[in-house]
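The values are calculated or read from the model by the stated rules, or taken from the named source; none is laboratory data. Every value quoted in this text rests on a predicted model; they were computed, and no experiment measured them. No Cβ is skipped: glycine too gets one built from the backbone with ideal geometry, and neighbour counts run over all protein chains shown. Ligands, DNA and RNA are stripped out before the accessible areas are found, and what is left, the full protein with its side chains, is counted by its heavy atoms. Shrake-Rupley method; radii C 1.70, N 1.55, O 1.52, S 1.80 Å.
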Amino acid sequence: MQLDTTTTELSIFQTATQIQLGNGHMTKFWHDRWLHGQASKVLAPLLYRKVWRKNIIVAQALDRRRWMKGLQRISNVTELHQFVDLWIQVQEVQLTEQPDCVIWRYASSGIYTSQSAYNLQFQLGTDLESQSQEQV
């Protein structure tokens, strides 16, 4: 099921969640925070610009190293360093039979509740209000 979301909503969700990788069938390789709590596109932004399949899931990406498609165009030392760093981290990944799990970072249980989302929204609103008052 595809949901219509704004960039802001998606950004808040990605900040508020972390993926506990299982079989890699629900987790997007480049976009989701599954690799030591970070998204691959954050760990290797120059590579993200070059890859062909930006929405590939982890299970597909690890199969025959498909995450590397388009990276033969690496053209400088910084891109090469990002590639090696990401490759090392990806080599440590072991998929399991269990489904991927989304962990809500703003609840001690890791489980989303409307109360925890309300608290987050209140905190974000308070932080934004404080920032705007500081600018005055």
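Below is a table of values for the structure above.
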{"read-out": "Val77 vs. criteria out of contact with any helix residue (DSSP H, G or I) (no Cβ under 7 Å at 6 or more places or on another chain) and aliphatic (A, V, I, L, M)", "value": "yes"}
{"read-out": "Matching residues, region 1-35, being among the aliphatic types (A, V, I, L, M), surrounded by fewer than 16 Cβ atoms within 10 Å (Cβ to Cβ) and not in a helix (DSSP H, G or I)", "value": "Met1, Leu3"}
{"read-out": "Total residues in region 49-92, condition in a helix (DSSP H, G or I) and out of contact with any Pro (no Cβ under 8 Å at 6 or more places or on another chain)", "value": "30"}
{"read-out": "Positions within region 93-123 being part of a helix (DSSP H, G or I) and either in contact with a Phe, Trp or Tyr (Cβ under 7 Å, 6 or more places away or on another chain) or surrounded by 13 or more Cβ atoms within 10 Å (Cβ to Cβ) (or both), in sequence order", "value": "Ser116, Ala117, Asn119, Leu120"}
{"read-out": "Residues of region 36-48 classified as at pLDDT 95 or above and either more than 15 Å from the chain's Cα centre (by Cα) or outside any loop (DSSP other than H, G, I, E, B) (or both), total", "value": "8"}
{"read-out": "Region 93-122: number of residues that are under 18 Å from the mean Cα position of the chain (by Cα), at pLDDT 95 or above and not hydrophobic (A, V, I, L, M, F, W, C)", "value": "3"}
{"read-out": "Selected residue (criterion: surrounded by the fewest Cβ atoms within 10 Å (Cβ to Cβ)) from residues of region 49-92 that are modelled with pLDDT of 95 or more and small (Gly, Ala, Ser)", "value": "Ala59"}
{"read-out": "Residues being open to solvent by 30 Å² or more (accessible area, probe 1.4 Å), in contact with a helix residue (DSSP H, G or I) (Cβ under 8 Å, 6 or more places away or on another chain) and closer than 17 Å to Gln94 by Cα - total across region 36-48", "value": "1"}
